[in-house]
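Chemist: Dropping a structure here in structure tokens format, bear with me for questions.
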Amino acid sequence: MKATGCWCVCCRFMNKPASANRRYQPTCHEHAANCYTHALLVVPAALGVVLLQRLSHTGWERLTACVYGLGLCALFLVSTVFHFITWKMSHLSRSLEQCFHMCDRVVIYFFIAASYTPWLNLRDLDPPAACMRWLVWLMAAAGSFYVFNYHEKYKLVELVFYLTMGFFPASAVMFMNNTEGLWELLYGGCIYCTGIIFFKSDGVIPFAHAIWHVFVALAAAVHYYAIWKYLYTPANRRHTCRA
Ligand SMILES: [Zn+2]
């Protein structure tokens, strides 16, 4: 992808911010950073899922680990493929690149739903909160519908959608009978929110998108740690009706 012009002291590290309803064009160095920051996490994510599978004692736990794992691996894999294509295969048609970009955005909705799934599935929830088990997937489907129909048209609306998807299911998780792990969930959420500053700073801060990737990786690691520590344990099984 060609640079759109010198902007900072060293134009290799940042281009001009994108104009309204256009996508920022990273420099070559930024493309590489965007690609590597998520490519390096595909294998650790897969290994983490294998570990949860080995810790599973019931079919429900295995299914939950599988759904969470698919969301986690898909996030890093789809992101890596998209950034690799925009970096190395810019000769592809604009519409095909646009398609990969939409997939990169859609997978975020499914990743958020998958991240909540272990908490919603492996903890007891009272009836109104239990609806969130399927509501998160409905929200992910609605977000995907929005991406496929209004991609890049209303960036602020897209951000509001992501924040709603990220925080609304927490209203159910907060009312779990067993509240162990809630602080880690909150820490992870705060890391994601801090990362949004960089997500919205392309062309303002060099390597902003790659820094956003690092925040995503850190937050996902905190959430994985909480799932491993509090949900796939004998103590958690004793507290739930599904044990
Ligand atoms: Zn990205």
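Chemist: Let me check against my output: what whole-number percent is the relative contact order of the chain, with C-alpha pairs under 8 Å and at least 6 apart?
Modeler: It rounds to 23 percent for the chain.
Chemist: Also, quick follow-up: Which of Val173, Gly203, Leu72 sits farthest toward the positive end of the charge dipole of the chain, with +1 on the Cβ of Lys and Arg and -1 on the Cβ of Asp and Glu?
Modeler: In the chain, that residue is Gly203.
Chemist: Can you give the charge dipole size of the chain about its Cα centre, rounded to the nearest 20 debye, using +1 on the beta carbon of Lys and Arg and -1 on the beta carbon of Asp and Glu?
Modeler: Value, rounded to 20: 320 debye.
Chemist: Next question, about the same structure. Kindly rank 191-202, 30-41 from highest to lowest mean number of other beta carbons found within 10 Å of each residue.
Modeler: Ranked by mean Cβ neighbours within 10 Å, highest first: 30-41, 191-202.
Chemist: With θ set to phi - 60° and the Karplus curve 6.51 cos²θ - 1.76 cosθ + 1.60, what are the ³J(HN,Hα) couplings of the range 51-63 in order, to the nearest whole Hz, using x for Gly and Pro?
Modeler: 4, 5, 4, 5, 7, 6, 10, 10, x, 5, 5, 5, 4
Chemist: A further question on this structure: What are the lysines whose alpha-carbon lies under 25 Å from the alpha-carbon of Lys200, with same-chain residues fewer than 8 places away excluded?
Modeler: Lys2, Lys16, Lys88, Lys153, Lys155
Chemist: Another one. What is the magnitude of the charge dipole of the range 27-126 about its Cα centre, with +1 placed on the Cβ of each Lys and Arg, -1 on the Cβ of each Asp and Glu, and no other charges, expressed in debye to the nearest 20?
Modeler: 200 debye
Chemist: Arranged from highest to lowest average of other beta-carbon atoms within 10 Å per residue, in what order do the peptides 102-108, 129-135 appear?
Modeler: 102-108, 129-135
Chemist: If one computes the Cα centroid of the range 24-51 and of the range 181-235, what distance in Å separates the two points?
Modeler: The two parts, judged by their Cα centres, are 14 Å apart.
Chemist: A further question follows. Taking the dipole about the Cα centre of the chain, with the C-beta of Lys and Arg at +1 and of Asp and Glu at -1, give me whichever of Thr58, Tyr24, Val136 is farthest to the positive side.
Modeler: Looking along the dipole axis, the top candidate is Tyr24.
Chemist: Out of all Cα-Cα pairs in the chain, roughly what percent, to the nearest whole number, are more than 35 Å apart?
Modeler: In whole percent, the long-distance tail amounts to 18.
Chemist: Using only the Cα atoms of the range 38-87, what are the Rg and Dmax in Å?
Modeler: Considering the range 38-87 through its Cα atoms, Rg and Dmax are 12.6, 43 Å.
Each reported figure results from applying straightforward, stated rules to the coordinates on display, with no laboratory input. Everything quoted here is computed from the prediction, not taken from an experiment. Heads up, the Cβs are rebuilt from the backbone with ideal geometry, glycines too, and the neighbour counts pull from every protein chain shown.
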